[in-house]
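The values are calculated or read from the model by the stated rules, or taken from the named source; none is laboratory data. As the structure is a prediction and not an experimental result, all values here were calculated from the model. FYI the Cβ positions are ideal-geometry reconstructions off the backbone, even for glycines, and counts take in every protein chain you see.
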Amino acid sequence: MSAALAADAVSKRYGEREALRDVSFSAGAGETIAVIGPNGAGKTTLLSILGGVQRPTSGTVSRDPREVGWVPQQAAVYGKLTVEENLRLFARLEKVRDPDEAVARMLDQTGLRDRAGDELGTLSGGNRQRVNIAVGLLAQPDVLLLDEPSSSLDPRQRERLWEFVGGLARAGTTVVFTTHNVQEAERYADRVLVLADGELLFAGSPDDLHAEVGGDQRDFEAAFVRFLHERGH
Amino acid sequence: MRFLLEKDLRILRRSPLLVVLLVAYPVLIAVLVGLALSGGPDKPRVAVFSQLPEDSGTVNVAGTTVDPGRYADELYKAVDPIKVRSRAEAERLVRDGEALAAVIVPADLVDRIQSAVSLSGSSKRPTVEVLYNAEDPVKQQYVESTIESRVADLNRAVSEKLTSIATGYLGILLRGGDFSLFGQKFEVLGLQRSKALVDGVAAGEREGSPERQALERVSKFAQLAIDNLDLSDDVLDAVGEPVVVKRTVVEGRRTPLDAFAVAVAVTLSLMLVTVLLAAGMLALEREEHAFARLVRGLVSKTGLVAEKVVLAAVCALAATLLMTAGVSIFVSLDWGRAPLWVVALAFGGLAFGALGVAIGAAAREVRAASLLAILLALPIAFLALVPSGAVASGLYDVIRVVSACFPFRPALDAVDAAINDAGGLGTALLHLALLTVAWGAVARIGLRRFA
């Protein structure tokens, strides 16, 4: 599998504090990777660097940020604009060749065509998040970065979100997402990256993580907690 | 940038409350400032150069004594007088802003007043010269009214005496009697007796006859009446205003107060609309969490700063042009200078916009940005309106430096120059351009910690 996205020895410092320390990994086309870890582990910082929002203090990322779709945790769209206006604005800013076609495509993909004329401020959190993700997909990127995409969604909306993300991965899009819900990581990710205190502790499949801690844990979350504990976190 | 501008204008269109506030609030503030402008400092500092001798004497009017010194004392009570020893020193104090004005009293003031009321002196009227620093029409008007009201007190006292003299003259003209002029005594026939004589002439017109002599007397009276009517022009002038105030502007330019108030109100509105809009719209990008998405390659941070500055300047330009047009209904403005209004408001808007964006970059949310904008902008405006001479000269120098670092003072100068032809437009525009760049740079640096 060729690398659609690779990070090489990426580090990030904020003054004296080291948020990321020599993180390296690669992701293949169509692969889904979950980045998990305790609070303050550096998950959002890693995604911000991969998405070009922040620059690493050292290290490199293989992709130009403009080739990567980035979806922040909180919906980065305008509440006073309609769904369609938000999509059209970002399509134009992304310099998409045919903004109208891109808008129509995303309205269909997100199932929001009937809400196209509604202002974002009037939509539910789930629908806002769908628009937020749609904006990240307007330019049809090969790589999609999702920062805790399901955190504000109810179970039914989460199910629809992961169905949507799964469809993208099956179509060849590389998806890297962060989550606090490790069960989601086990269920929807091909591989997990475990970060703690800015350090990459593990990169492998959920089953590999189970095996790493002896495989006698009752579920993936217990295995994850045990893993962190064994590493001193 | 065009797409962002379209987006922001659309957001504004859908925020009617914000738009109403943006227009109504500046108007309210402008009205309050306008009211404030009608007042003035308690005791303006005024330099006084009196050339009157120690015992300058009094003026005798129809047997009554008037003491001009008493009215000078009244003036000194109304102002904070700085006694100086020369006209040059008085001019320097006014020019440097250490005094709001200077009063120059000539050595022969009392003699001239005496001449004016006695009809026996030269035609030169007694004159008090007042030197103004006209850089601020508010303080100029205040000092003018203070000094002129004191001079008016003196004039009223003298004119009351002159009125009684004029009444005596009229009595003589009507009934006849003795009249003294230039040391000679004349017997005045009077209109009543003249009528009787003329009536008598009607009886016969023979050469050398008494009737002929009577006609000659009537002729002399007529000549005398003509001569005295000629003199009465000066008398009447003197009755109206015995002591003249000569106004001399030693610094700045003359702008009528109402026209200056228009410039202040327009500039204040321009500042509030632009600063609030620029600060709020930039803070909105962060509040909507869109900032990070925009600057990851879609828009440069410098481009974002420029877009907000232009957006705020364009909106404020439209709002203040409308306001100026509205004001022109009440105050006469020269519409031929409208292109200069646009230039001044555009430059002012850009500078205020840059300041607003810098404020927006310092705040984390729209409400905080708006509050910060108000808290910062209003004191800057009021500071820029502090007249020289109202505070100690050292403090005033500090105020001038602080005011020069913010766009209000140069924007006011530019708007005043554009609306009232007060001069100095080019300098003010250059100042605003520099401030636009400087505050834009501050905003750009502030965006480093914005995401």
Exercise. Right, B:A433: crowded, with 16+ Cβ neighbours inside 10 Å and either closer than 25 Å to B:V262 by Cβ or aromatic (F, W, Y) (or both) or not?
Worked result: no
For this session: Under 8 Å between Cβ atoms, at least 6 apart or on separate chains: pull out the pairs that start in the stretch B:277-296 with a residue that is at the interface with another protein chain (Cβ under 9 Å from one of its Cβ atoms) and end on any residue that is among the hydroxyl-bearing types (S, T, Y) and part of a helix (DSSP H, G or I).
Result: B:A292/A:S48
Exercise. Across the stretch A:92-122, which residue is nearest to the chain's Cα centre (by Cα) among those that are within 14 Å of chain B (Cβ to nearest Cβ) and outside any helix (DSSP H, G or I)?
Worked result: A:E94
Problem set entry | Answer residue from the stretch B:342-367, given it is over 33 Å from the mean Cα position of the chain (by Cα) and crowded, with 17+ Cβ neighbours inside 10 Å and is modelled with the lowest pLDDT among those | B:A363
Problem set entry | When residues of the stretch B:321-341 are limited to those that are surrounded by 14 or more Cβ atoms within 10 Å (Cβ to Cβ) and either free of Cβ contacts under 8 Å to residues at least 24 places away in the same chain or under 17 Å from B:T436 (Cα atoms) (or both), the one farthest from the chain's Cα centre (by Cα) | B:A338
Problem set entry | Selection within the stretch B:399-430 - among the aromatic types (F, W, Y) and buried (at least 24 other Cβ atoms within 10 Å of the Cβ) | B:F408
Exercise. Which condition number in (1) in a helix (DSSP H, G or I); (2) more than 30 Å from B:V143 (Cα to Cα) is the one that B:R364 fails?
Worked result: (1)
Exercise. Would a scan of the stretch B:323-340 turn up a residue that is within 14 Å of another protein chain (Cβ to nearest Cβ) and small (G, A, S)?
Worked result: no
For this session: List every residue pair whose Cβ atoms sit under 7 Å apart, with the two residues 6 or more apart in sequence or on different chains, where the first one lies in the stretch B:3-27 and is at the interface with chain A (Cβ under 10 Å from one of its Cβ atoms) and the second, anywhere, is surrounded by 15 or more Cβ atoms within 10 Å (Cβ to Cβ) and basic (K, R).
Result: B:F3/A:R92; B:I11/A:K80; B:R14/A:K80; B:S15/A:K80
For this session: Kindly indicate whether A:N86 is in contact (Cβ under 8 Å) with a residue 12 or more places away in the chain, within 13 Å of chain B (Cβ to nearest Cβ) and more than 14 Å from the chain's Cα centre (by Cα).
Result: yes
Problem set entry | Members of the stretch B:297-309 found to be within 11 Å of chain A (Cβ to nearest Cβ), touching a Gly at 6+ places or on another chain (Cβ under 7 Å) and part of a helix (DSSP H, G or I), listed by number | none
Seminar exercise, completed: A:E67 fails exactly one of (1) more than 21 Å from A:G198 (Cβ to Cβ); (2) surrounded by 17 or more Cβ atoms within 10 Å (Cβ to Cβ); (3) more than 8 Å from chain B (Cβ to nearest Cβ), namely (2)
Problem set entry | Among the residues listed as A:T82, A:T110, A:T57, the single one being of a type in the set (S, T, Y) and in the same structural domain as A:S150 (by TED's automatic domain parsing) | A:T57
For this session: Considering (1) free of Cβ contacts under 8 Å to residues at least 40 places away in the same chain; (2) more than 25 Å from A:A29 (Cβ to Cβ); (3) assigned to a helix (DSSP H, G or I), say which one A:R187 fails and leave the rest.
Result: (2)
Exercise. What number goes with the only condition from (1) without any contact (Cβ under 8 Å) to a residue 12 or more places away in the chain; (2) under 21 Å from the mean Cα position of the chain (by Cα) that B:L395 does not pass?
Worked result: (2)
Exercise. Going through the stretch A:72-83 one residue at a time, which ones are under 14 Å from A:S124 (Cα atoms), more than 8 Å from chain B (Cβ to nearest Cβ) and not in a helix (DSSP H, G or I)?
Worked result: A:T82
Exercise. Of the residues B:S120, B:S86, B:S159, which single one is over 19 Å from the mean Cα position of the chain (by Cα), modelled with pLDDT under 70 and surrounded by fewer than 21 Cβ atoms within 10 Å (Cβ to Cβ)?
Worked result: B:S120
Problem set entry | Among the residues listed as A:S58, A:S48, A:S11, the single one being of a type in the set (S, T, Y) and closer than 27 Å to B:E287 by Cα | A:S48
Exercise. From A:L145, A:L161, which residue is surrounded by 14 or more Cβ atoms within 10 Å (Cβ to Cβ), in contact with a Ser or Thr (Cβ under 8 Å, 6 or more places away or on another chain) and not in a loop (DSSP other than H, G, I, E, B)?
Worked result: A:L161
